[in-house]
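First up is the structure itself, then whatever we jot down about it.
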Amino acid sequence: MSRARVAVAVLVPLLLIGGSASAKKPKPSATPVVGWHRDAGWTADCWYPPDFSKMPEGDKRVAWQQTRDAIVGQWRGERNDGISLSGNHVDNLETDLLAKADRIEVVAKDNLEQCKLAVAPGGSTSAWDSWIVSESGKLTEGECPYPPLDYTAFNYLSINNEWQNALPVCKNDHIVVHGTDADYYQIEPGGPYINVAGDPNSKLTSGLPCNTEGCVKGELLLRFRGDDGGTQIVPIGLAAEFMVPNHGHIDVMINDDNLADNKYKVEKGMEHHTGIEVKPVGAK
């Protein structure tokens, strides 16, 4: 074989190898869309959130705020692009987002899909409006709608009124309720002066708010009313702990069926007034 033929024979495989390597070389990936973007045929822009998972903590918090401001502004019609969703529902969802900043990560992703459907040819914002309502409910599902009882609440007890001094509470709040022991009152004319521990010598009657075993007439009671409709009455006396079973409210009164004739003791011209303290267990 001549040298020319050998050279050609060697060159052809090299060209094939080179071509094969070139064909397998990966193409550079497209830069992901971030921020406002409008596809062909859309009637308005949609906000594309960044990949929050790849951001350092400081940048992520800034991006949360930028994303929240962008999409909430569009919901309110501030972009003048024909998008304007129900004001009250937008207010509710914005409040939920402000309560926990990281919620925007999930909301922004779902919002993008709602926006795409609304601005595509033939689309409308009706489904987007409905989503705003349901999204708010999903974000707060199971959460307590009230501020945590992480402080000491103090008030005076009226011995002439029924349930009073209402406080909102959250499920699993562990609280202690305490009444001052140096303040005395009568629950019937000529009767003994007692404090919130009650009168252990009096008889329970059917008309009392708490007339079962463990209750004492004249003592301090706590009532829990759950947001689910449940009600529970608990004898407190001088002090007792209570584990809140559900989100709801608590209030107090004395265990008496005739409040009109009750009166506080007066000593040296000063009338007693029982103080009621409610605080988390362990708080000083």
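A few comments on the model shown:
- Computed over region 35-140: relative contact order in percent, which uses C-alpha pairs under 8 Å that are six or more apart: 29 percent
- Backbone geometry of region 275-284 corresponds, through the Karplus equation with coefficients 6.51, -1.76 and 1.60 at θ = phi - 60°, to 3J(HN,Hα) couplings of x, 10, 10, 10, 7, x, 4, x, 6, 8 Hz, x marking Gly and Pro.
- Highest-MSF residue in the chain out of G269, G191, G82 [GNM, Cα springs under 10 Å]: G269
- The residues packed around P50, meaning those with a beta-carbon under 12 Å from its beta-carbon, carry a net charge of 0 if Lys and Arg are +1 and Asp and Glu are -1.
- In summary, the lysines within cross-link reach of K217, defined as a Cα separation below 22 angstrom excluding same-chain residues under 8 places away, comprise K203, K263, K265.
- Theoretical gain in end-to-end length, H273 to D228 [0.36 nm per residue, Cα-Cα removed]: 12.8 nm
- Against the chain, whose longest principal axis is taken from its Cα atoms, helix 3-24 shows a tilt of about 20°.
- Overall, the chain carries a charge dipole of about 2420 debye about its Cα centre when +1 sits on the Cβ of Lys and Arg and -1 on the Cβ of Asp and Glu, all other atoms neutral.
- Summed side-chain charge close to H249 - residues other than H249 whose Cβ falls under 13 Å, Lys, Arg +1, Asp, Glu -1: -1
- N211 paired with S53, simple spin-label distance in nm, labels 7 Å along Cα-to-beta-carbon: 6.3 nm
- Spin-label model, A120 to Q164: label points 7 Å out along the Cα-to-beta-carbon direction sit 6.3 nm apart.
- Within straight-line reach of K138, meaning a Cα separation under 16 Å, sit the following aspartates and glutamates at least 8 residues removed in sequence or on another chain: D91, E94, D96, D102, E105, D110, D129.
- In the chain, taking the dipole from charged Cβ atoms about the Cα centre, the farthest positive-side position among V177, T205, L112 is held by L112.
- Formal net charge of residues neighbouring G73 (Cβ-Cβ distance under 13 Å; K, R +1; D, E -1): -2
- Residues in region 113-138 that a label on D39 would reach, taking backbone N under 17 Å of a point 7 Å out along Cα→Cβ: 113-125, 128
- Summarising the amide proton neighbourhood of G35: residues at separation of 5 or more, or on other chains, whose placed amide H is nearer than 5 Å comprise Y48.
- Crossing angle, helix 104-119 versus the chain [Cα axis fit, 0-90 degrees, rounded to tens]: 60 degrees
- A Förster radius of 25 Å combined with the Cβ-Cβ distance from V106 to H249 puts the calculated FRET efficiency at roughly 0.20.
- Whole-number D in µm²/s for region 153-280 (Stokes-Einstein; Kirkwood sum over Cα pairs; 37 °C, 0.692 mPa s): 222 µm²/s
- Which label in [x] 134, 49, 36; [y] 60, 46, 28; [z] 87, 40, 32 gives the computed Cα extents along the principal axes in Å: [x]
- Virtual paramagnetic centre 7 Å along Cα→Cβ of A283, amide N under 18 Å, in region 231-245: 239-245
- Building the convex hull from the alpha-carbon atoms of region 35-140 and averaging its projection over directions returns 6.3 nm².
- Reach of K171 by Cα under 14 Å, taken over aspartates and glutamates that are not fewer than 8 positions away in the same chain: E141, E143, D150, D227, D228
- Loop-located GluC sites (Glu not before Pro) in region 162-267 (DSSP state not H, G, I, E or B) with no more than 13 neighbouring Cβ atoms inside 10 Å: E162, E213.
- When the chain is treated as a Gaussian network with alpha carbon springs shorter than 10 Å, the biggest mean-square fluctuation among P145, P200, P49 belongs to P200.
Here, each number is a calculation from the coordinates, and none is a lab measurement. On a predicted model such as this, the values are computed, not experimentally measured, just so you know. All Cβ positions, glycine included, derive from the backbone under ideal geometry; neighbour counts span all protein chains shown.
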